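The next block holds one structure in the form of structure tokens; read it before the comments.
The values are calculated or read from the model by the stated rules, or taken from the named source; none is laboratory data. Only a predicted model underlies this, so the values are computations on that prediction, with no experimental measurement involved. Here Cβ is always computed from backbone atoms with ideal geometry, including for glycine, and neighbour counts include all displayed protein chains. With ligands, DNA and RNA removed, areas are computed over all heavy atoms of the protein, side chains included. Shrake-Rupley method; radii C 1.70, N 1.55, O 1.52, S 1.80 Å.
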Amino acid sequence: MSALTLAKCYCPSGGQFGIPTYPWRYAPTGLATRRQLRALGLRPGGQEVAAQVLRPRYRRGPLVAYLYRVDRALPVRPMTPGKRAALAKAMRARRTCPVCRRDAGYVIPGSLGMCVPCAYPEEQRAA
């Protein structure tokens, strides 16, 4: 990154973008993205976005990642039995072939809309 690019993405006062802005990988400690919070077993918990990081891209708008304060983050809610059952049911539906109604053992590709043996029956007979 050139110095000009870093300068465009650096505004800790929030005057240019409305919230404090830092270049990619230059955010201060104590701030984290949603993914980073999740890796720590935390969630934003309703707090407002504290800052953002920008990653400039050639000929396109910059990538933006919003940052939240780690000290205000709350623990992730535990998985309830009802939520676990609903998730299992949804995943089972994604694995069930609509043509042969069998569990394929993998998520059915959206491009095929059915399991591989149903999509290519002639290749399965040859094997």
* Any idea which residue in region 30-59 is modelled with the highest pLDDT, counting only those that are farther than 30 Å from M79 by Cβ and open to solvent by 40 Å² or more (accessible area, probe 1.4 Å)? -> R55
* To do: Could you list all residues from region 96-108 that are over 22 Å from the mean Cα position of the chain (by Cα) and open to solvent by less than 70 Å² (accessible area, probe 1.4 Å)?
  => T96, C97, C100, A104, G105
* To do: Answer yes or no: is there a residue in region 16-26 that is loosely packed, with under 13 Cβ neighbours inside 10 Å and either part of a helix (DSSP H, G or I) or touching a Phe, Trp or Tyr at 6+ places or on another chain (Cβ under 6 Å) (or both).
  => no
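What helices (runs of 4 or more DSSP H) completely inside region 34-127 contain at least 3 residues that are aromatic (F, W, Y)?
Details: elements: 34-39, 81-95, 116-119, 121-126.
Here the list is empty.
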